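Derivation of every value follows stated rules applied to the coordinates shown; laboratory data play no part. For clarity, every value in this text was computed on a predicted model and none was experimentally measured. Quick reminder, even Gly has a Cβ in these numbers, built from the backbone with ideal geometry, and neighbours come from all protein chains shown.
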């Protein structure tokens, strides 16, 4: 990157005030040099939660036939990776990140789990209220904690097991056993949480050798190949409105990741994580505004139970790290 362009990035202000030179630090695998700012971190996390919920909501829109013939979840997932890849690769051309030799086996595994989790989540959003699917997805860190025991050798105390048990009880409520049959969409969401929990373990391994921008770039590069191969049997040509919807799915998710990355640059992850639970509120609002879906008593109780367990786990993590 030449001096003039670097100086331009150093002076320019990004949306909601985060500096583009922070992005350059990520791209160059340099340590983050930002002043701690918890209030701004909280605001950035709320923005991330709004865009993350919007991404899943748009997946529901294009997958439910609202903008034309319903697109298969495999095709929706392919659209998410396609437009995310276009965005991140375009950014890479501009900032020219310094890349290191990647561990391709870990990257392929992470990309496969990420694609699987996203696809299952998009499928779940079509069949059940978006609030239910989002609440069940909050089991992601619970399953990551469980996988960390055999793969990372972590020891889990009674408080963390209690948090996991509470969250799983909430998931059981949302599965609605006994009400004719367990909802297929809820099982999809539960599967997404399991797969994404496994992805977290691989990400932890990757962060030891790869910078965050390199992880994001390689993940989307491999992900688009996996997603395209899987979508070929069910792929149909989208209408212009559906193309716009698929673009929104990918761009909203990339934007959410950018906001969240900038948030954790300004505060501890244990501080910002609870604010991401606001995605449940945004998901509920989006669903109510467009599909007129209002959470019932079971949905509310299940979501609150999952959030209680997730909140307890986040609190315990902060205590363990001494924050």
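Computed values, structure above
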| quantity | calculated |
| --- | --- |
| Virtual spin-label span in nm between residue 149 and residue 169, 7 Å along Cα→Cβ | 1.9 nm |
| Cα gyration tensor shape of the stretch 47-156, rounded if a/c is under 1.5, else prolate or oblate by comparing a/b with b/c | oblate |
| FRET efficiency, residue 86 to residue 281 (Cβ-Cβ, R0 30 Å, nearest 0.05) | 0.50 |
| Net lengthening on full extension, residue 300/residue 94 (0.36 nm per residue, minus Cα-Cα) | 69.7 nm |
